[in-house]
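K.L.:
I have a structure I would like to understand better, so I am pasting it below and will then ask my questions one at a time.
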Amino acid sequence: MKNLQTFVIALPLLIVSSLASAVSVSGNIALTSDYIWRGMTQSAGGPAVAGGFDLSTDSGFYIGTWGSSVQFSDGTAVDTTELELDVYLGYGADIADNVSIDVGYITYTYPGATDANFDEAYIGFDIYGFGISYAAGIDGAADYVSVGYGIDAGPGSFSIAYGDYEDTSNDFLIGYDWGVGGDFGIGVYYYDLEMDDGTADSGVTLTISYAP
């Protein structure tokens with residue numbers, strides 16, 4: 001954990017030093033029937049609009065921001081916000097044939113409900129389609145571990161994942177994504193959530209995205 005935090009603290013300097021290499025900028029926007037994050041709705045079961053921008057270098061470093069409309073009604077301070085805005089930076093690269101790594105740091109912010117803000121340092125590996133990731137919550141925030149598998153299937157890709165959110169919940173996700181007309185994408189997902197307090201939720205969501 002200490003080594004991971006040390007690495008991500010050094011990432012801004014590494015990114016700046018890598019800017020001499022080729023830089024690319026990309027953007028995306030999406031509409032979803034329900035914003036599901038780690039099995040939990042972030043939009044009170046209703047639709048949400050999201051989008052973001054990324055700057056990346058050919059050496060593997062990246063920095064970006066992503067935001068989404070949100071709606072909460074759990075009686076906490078976060079009920080006062082209608083926006084989630086995330087900022088992240090990291091490094092991703094192939095480290096062997098069919099093996100890649102992604103490590104970085106992300107800040108989740110909720111304008112108007114700053115008490116809900118939190119940070120995570122994360123690391124993930126993809127090995128022949130099998131993925132495992134670990135997000136370490138900073139300053140007492142809960143950790144999250146997930147494992148999954150993705151494979152090309154027909155015109156799109158099929159994925160399955162399981163996650164465990166420390167002292168909070170566990171979730172299961174099955175999804176199918178495919179591209180339409182080059183820049184558009186469609187995703188259909190089934191999620192199943194079990195909270196540590198015994199409550200549960202499940203459903204199907206539809207997401208339409210555009211990434212020119």
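K.L.:
Kindly indicate which of A153, A136 is more than 17 Å from the chain's Cα centre (by Cα) and at negative phi. Reasoning before the result, please.
P.N.:
Working: A136 fails: more than 17 Å from the chain's Cα centre (by Cα).
The conditions single out A153.
K.L.:
I would also like to ask the following. So which residues in region 165-212 are of a type in the set (D, E, K, R), surrounded by fewer than 16 Cβ atoms within 10 Å (Cβ to Cβ) and at negative phi?
P.N.:
E166, D183, D192, E194, D196, D197
K.L.:
List the residue pairs whose Cβ atoms are under 8 Å apart, where the first residue sits in region 186-201 and is of a type in the set (D, E, K, R), the second is at pLDDT 95 or above and exposed (fewer than 15 other Cβ atoms within 10 Å of the Cβ), and the two are 6 or more positions apart or on different chains.
P.N.:
Hits for this filter: D192/A200; D192/S202; E194/A200; D196/D167.
K.L.:
Something else now. Go through (1) at pLDDT 95 or above; (2) surrounded by 18 or more Cβ atoms within 10 Å (Cβ to Cβ) for F125 and report which single condition fails.
P.N.:
(2)
K.L.:
In region 37-65, what residues are touching a residue at least 12 places away in the same chain (Cβ under 8 Å), in a strand (DSSP E or B) and within 22 Å of T80 (Cβ to Cβ)?
P.N.:
M40, T41, S43, A48, V49, A50, T65
K.L.:
Could you list, in sequence order, all residues of region 136-145 that are touching a residue at least 24 places away in the same chain (Cβ under 8 Å) and in a strand (DSSP E or B)?
P.N.:
Scanning region 136-145 gives A136, G137, Y144.
K.L.:
Here is a check on your reading of the model: is A93 in a loop (DSSP other than H, G, I, E, B) and modelled with pLDDT of 95 or more? Write out each step before concluding.
P.N.:
On the way: in a loop (DSSP other than H, G, I, E, B): no; modelled with pLDDT of 95 or more: yes.
No: the conditions fail for A93.
K.L.:
From the residues in region 99-126 that are assigned to a strand (DSSP E or B) and of a type in the set (V, I, T), which one is farthest from T65 (Cα to Cα)? Please lay out each step first, then the result.
P.N.:
At the first step, the residues of region 99-126 found to be assigned to a strand (DSSP E or B) are 99-109, 118-126.
Among the residues that remain, those that are also of a type in the set (V, I, T) are: 99, 101, 103, 106-107, 109, 123.
Values: V99: 26, I101: 20, V103: 16, I106: 9, T107: 10, T109: 11, I123: 18 Å.
Filtering region 99-126 for residues that are assigned to a strand (DSSP E or B) and of a type in the set (V, I, T), the one farthest from T65 (Cα to Cα) comes out as V99.
K.L.:
Here is a further query. Residue check, L83 against (1) among the hydrophobic types (A, V, I, L, M, F, W, C); (2) exposed (fewer than 15 other Cβ atoms within 10 Å of the Cβ); (3) within 23 Å of D164 (Cα to Cα), all met but one. Which one?
P.N.:
Exception for L83: condition (3).
K.L.:
Of everything in region 145-159, what is touching a Gly at 6+ places or on another chain (Cβ under 6 Å) and either loosely packed, with under 15 Cβ neighbours inside 10 Å or closer than 20 Å to Y122 by Cα (or both)? Give them in sequence order.
P.N.:
Within region 145-159, S146, G148, Y149, G150, I151 meet the criteria.
The values are calculated or read from the model by the stated rules, or taken from the named source; none is laboratory data. Just so we're clear, the structure is a prediction, and the values are computed from it rather than from any experiment. Every residue, glycine among them, receives a Cβ derived from its backbone with ideal geometry; neighbour counts consider all protein chains shown.
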